[in-house]
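The values are calculated or read from the model by the stated rules, or taken from the named source; none is laboratory data. From a predicted model like this one, the values you see are computed outputs, not experimental measurements. Every residue, glycine as well, gets a Cβ built from its backbone with ideal geometry; the counts of neighbours run over all protein chains shown.
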Amino acid sequence: MDKNTRNIFAMTMLCVGAIVWYTFKVTTDYAVSYFDLAIRFSWINVVQNIFPVILGGLAAYLLYKTQKIREYILEVISEVRKVVWPNRKETWGATVVVIIAVLISGAVLGIFDWLAGLFMNLILR
């Protein structure tokens, strides 16, 4: 495993840990405020702030140590390197096509909505 692949793999594990940390942080914040746990227990702030960090680190560590997950992530990294990415001109052309298509479909839907509104006003009068 070269240095660049190792860096990408490490960043992936850090992102997983951060996602788990954030999920449990939001969940514990919600639970503490919903059940008024801060009023009942003075030590709840320790659990509220440290528990998500421990779970995030544990998730990243377990994923790092699991051989199947490690092999899968390394295979994904090697496959992404094989992708031929479009150049700036191709990307700009595709962006223009998408913008034009969105504008046309928005105009068509707007016209249909306006006509449906007129039709409903005629029926309801």
Practice task
Tell me, yes or no, whether segment 6-22 has at least one residue that is of a type in the set (S, T, Y), in contact with a Pro (Cβ under 8 Å, 6 or more places away or on another chain) and in a helix (DSSP H, G or I).
Solution key: yes
Exercise for the section: Scan segment 42-53 for residues that are surrounded by 12 or more Cβ atoms within 10 Å (Cβ to Cβ) and not polar (S, T, N, Q) and jot them down. Expected result: I44, V47, F51, P52, V53
Practice task
Name every residue in segment 74-103 that is of a type in the set (V, I, T) and either within 30 Å of D29 (Cβ to Cβ) or free of Cβ contacts under 8 Å to residues at least 60 places away in the same chain (or both), in order of residue number.
Solution key: V76, V80, V83, V84, T91, T95, V96, V97, V98, I99, I100, V102
Practice task
Return the only residue of A31, A59, A38 being out of contact with any strand residue (DSSP E or B) (no Cβ under 6 Å at 6 or more places or on another chain), modelled with pLDDT under 95, under 30 Å from R6 (Cα atoms) and of a type in the set (A, V, I, L, M).
Solution key: A59
Practice task
Report yes if some residue within segment 81-95 is under 30 Å from Y22 (Cα atoms), of a type outside the set (D, E, K, R) and surrounded by 10 or more Cβ atoms within 10 Å (Cβ to Cβ); otherwise report no.
Solution key: no
